[in-house]
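To start, the structure under review is shown below, and the notes come after it.
The values are calculated or read from the model by the stated rules, or taken from the named source; none is laboratory data. The structure displayed is predicted, hence computed values, not measured ones. Cβ sites come from the backbone with ideal geometry, for glycine too, and all protein chains shown count toward neighbours.
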Amino acid sequence: MGPFFRQRHTTVPPLRATLPSAVFAPRTHLVSFDEKGSRLHHLNKEFSLTYPVDWMLQGVPHTHLERLAFHYHEFLEALPFDDGRQLILDWIDANPPYLPGYCLDRWNSYAISIRCVCWMQWLAQHRAALQQTDCQLIVASLVEQIRFLSHNLETDICGNHLIKNIRCLLWAGAFFDGVESQGWTRLAEKLLRWQLPIQFLKDGVHFELSPAYHCQVFGDLVECLAVATNGVRAELLEVLQRAAQPLVDLTHPDGCISLMSDGGLHMVYSPQECLSVFGSLGGAIPESRTFNGFRNSGYYVFRCPRNYLVVDCGPACDDILPAHGHADILAFEWDVDGLRFVVDAGVYQYEAGNERNLFRSVASHNTVQVGERDQVEFVGSFRAGRRAYGICDSFSAKEEEFHLTGHHRGFATDSHCIVHHRRFDADLQQLRIHDTIDGSGGESVVSRLLLHNECRVSQLDQCKLEIHRGNTRVVMQSTAPMRVVEAHWSPDFGVLMKTLCVEIMVGRVPCQNECVLTIV
């Protein structure tokens, strides 16, 4: 922070003659209107928009994420012009820098990065309609925030946070003119050249190993591409082209992204929106593949006319940035006839506590648990200690068949070497899962399958049941007894749906089981 406090600029760089415009369509669903005025739809909660705005959400129960995201202003683009103008001016008046706790939400670098881009895109659309005094106030605040950001970059976190910082600086460089603006562009380009080889693995998947965050970073880099100079444009285009294939393949038939690790179905722009804008900026949109193995990240995909399968057989999280990892090694998602049947649990919230721990744990994923052990030792909301690594032993696939075998040692202890082996065999009509748990200790083993909340289950006997969703029916058989228990699914932040989970009582270590799901 030192340089920012030592020197406070008093001049404001001029705006460019032509301002860069938003490349994504406005998210009008973030605001609705009734007789009482505007209502903001924010992380699946509703807030009335009244002035002065309760920027700290003191009048409603909320989490830190909800308060932080309130300052993103992503709903600005959905407001009528006068509401948007009033909202920005109210924020400027109520949120000067350096108030107690300012860096936690109002002047948090991540929030600034998102808010400033929203303001710049809003100004590009409404500049002509603004009174000069209002425009000067907004531009002066915008510059102050960008200057603050340039001295408080999230290089300690990196990951998707630093990409947000870079996007903001690139947009600022394209939005303003002059020497200072050129400095923002040079800083953003330097950071991009440093981060692009780090942010994406060789297989094209984002290194935080969350498909939803892969989609978010892809969308952010597409917006970077829209304003990039020739200096980094070619590098950006190459990385985005490589990342486009996993984005396509990790998108379910319903058009939403996989829920593996942290993320939500509607957390960011949809994969189709991201790819469409990418295509309009010169990228080539790849076709979805019948099968694919992203070996560095550990995601394996099979897509055929009646079913779609995603398997995670890679690391539980990144070693450097484990924030969004889950204990989901050898877990899977499975769709039938375009409908989600076996779903990943998702994530309900980011606040530290029992709910955060539960949704990250192996007990919430479609894989095996040994005793009370977990694959990962989670610490707080975003950290991890001991963790497991999925190893792919073999993978083969063709148009109508998929075969994957993997293992991990996440349940091993100092006294017991426990290894979970799992084999997936899939074809046009069937998914077969064979589990072998080698080792000693005699602890109980449970395998779980979390079902979509619209699924209905009929248990025919202790080893056989039927799963119905709509007009589609699946028969599930297991060599070990099964039971159906109540559970929860969180397809988006703040959304908690009651559903059902099939638990297979595999036995005690060492043991094995075969589960077969047949599309009827």
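Would you mind stating whether residue 240 is in contact (Cβ under 8 Å) with a residue 24 or more places away in the chain, surrounded by fewer than 23 Cβ atoms within 10 Å (Cβ to Cβ) and among the aliphatic types (A, V, I, L, M)?
Spelling it out, it is not the case that residue 240 is in contact (Cβ under 8 Å) with a residue 24 or more places away in the chain, surrounded by fewer than 23 Cβ atoms within 10 Å (Cβ to Cβ) and among the aliphatic types (A, V, I, L, M).
Taking the condition of being surrounded by 24 or more Cβ atoms within 10 Å (Cβ to Cβ) and in a loop (DSSP other than H, G, I, E, B), how many residues in segment 320-342 meet it?
The qualifying residues number 7.
Restricting attention to segment 170-201, and to residues there that are more than 14 Å from residue 247 (Cα to Cα) and not in a helix (DSSP H, G or I), which single residue is nearest to the chain's Cα centre (by Cα)? First the steps, then the outcome.
So in segment 170-201, the residues more than 14 Å from residue 247 (Cα to Cα) come out as 170-199.
Filter again for not in a helix (DSSP H, G or I), leaving 176-178.
Values: 176: 31, 177: 34, 178: 36 Å.
Restricting to residues being more than 14 Å from residue 247 (Cα to Cα) and not in a helix (DSSP H, G or I), the top hit is 176.
Applying the selection to segment 101-136, what residues are assigned to a helix (DSSP H, G or I), farther than 17 Å from residue 21 by Cα, polar (S, T, N, Q) and in contact with a helix residue (DSSP H, G or I) (Cβ under 9 Å, 6 or more places away or on another chain)?
109
Could you please let me know if residue 458 is of a type in the set (Gly, Ala, Ser), under 24 Å from residue 356 (Cα atoms), at pLDDT 95 or above and touching a strand residue (DSSP E or B) at 6+ places or on another chain (Cβ under 6 Å)?
No; evaluated as a whole, the condition is false for this residue.
Could you say whether any residue in segment 189-198 is touching a Pro at 6+ places or on another chain (Cβ under 7 Å) and among the hydrophobic types (A, V, I, L, M, F, W, C)?
Our first condition is that a residue be touching a Pro at 6+ places or on another chain (Cβ under 7 Å); within segment 189-198, this holds for none.
Scanning segment 189-198, I find no residue that is touching a Pro at 6+ places or on another chain (Cβ under 7 Å) and among the hydrophobic types (A, V, I, L, M, F, W, C), so the answer is no.
If we only count strands (runs of 3 or more DSSP E) wholly inside segment 206-319, which ones have 3 or more residues that are over 30 Å from residue 75 (Cβ atoms) and in contact with a helix residue (DSSP H, G or I) (Cβ under 8 Å, 6 or more places away or on another chain)? Show your work before the answer.
Details: elements: 291-294, 299-303, 307-312.
Because the criterion is at least 3 residues that are over 30 Å from residue 75 (Cβ atoms) and in contact with a helix residue (DSSP H, G or I) (Cβ under 8 Å, 6 or more places away or on another chain), the strands (runs of 3 or more DSSP E) in segment 206-319 that meet it are 299-303.
Which of the residues that make up segment 375-417 are in contact with a Pro (Cβ under 9 Å, 6 or more places away or on another chain), at pLDDT below 95 and assigned to a loop (DSSP other than H, G, I, E, B)?
Scanning segment 375-417 gives 382, 388.
How many residues does segment 271-283 contain that are touching a residue at least 24 places away in the same chain (Cβ under 8 Å) and within 18 Å of residue 214 (Cα to Cα)?
Of the residues in segment 271-283, 7 are touching a residue at least 24 places away in the same chain (Cβ under 8 Å) and within 18 Å of residue 214 (Cα to Cα).
One residue is enough: does segment 214-229 have a residue meeting the conditions within 16 Å of residue 164 (Cα to Cα), in contact with a strand residue (DSSP E or B) (Cβ under 6 Å, 6 or more places away or on another chain) and among the hydrophobic types (A, V, I, L, M, F, W, C)?
yes
Quick grid of which residues meet (1) of a type in the set (Gly, Ala, Ser); (2) more than 30 Å from residue 46 (Cα to Cα); (3) in a strand (DSSP E or B); (4) under 33 Å from the mean Cα position of the chain (by Cα):
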residue: 454; (1), (2), (3), (4): no, no, no, yes
residue: 459; (1), (2), (3), (4): no, yes, yes, no
residue: 485; (1), (2), (3), (4): no, yes, yes, yes
residue: 506; (1), (2), (3), (4): no, yes, yes, yes
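Does residue 125 fit the bill of being surrounded by fewer than 22 Cβ atoms within 10 Å (Cβ to Cβ), touching a Ser or Thr at 6+ places or on another chain (Cβ under 8 Å) and of a type in the set (S, T, N, Q)?
yes
What strands (runs of 3 or more DSSP E) completely inside segment 1-63 contain at least 3 residues that are modelled with pLDDT of 80 or more and closer than 20 Å to residue 122 by Cβ?
So the answer is 31-34, 37-42.
List, please: which pairs have Cβ atoms under 8 Å, are six or more places apart or on different chains, and start with a residue in segment 390-410 that is over 16 Å from residue 433 (Cα atoms) and end with one that is among the aliphatic types (A, V, I, L, M) and part of a strand (DSSP E or B)?
Taking only residues 6 or more apart or on different chains, the pairs are 409/419; 410/376.
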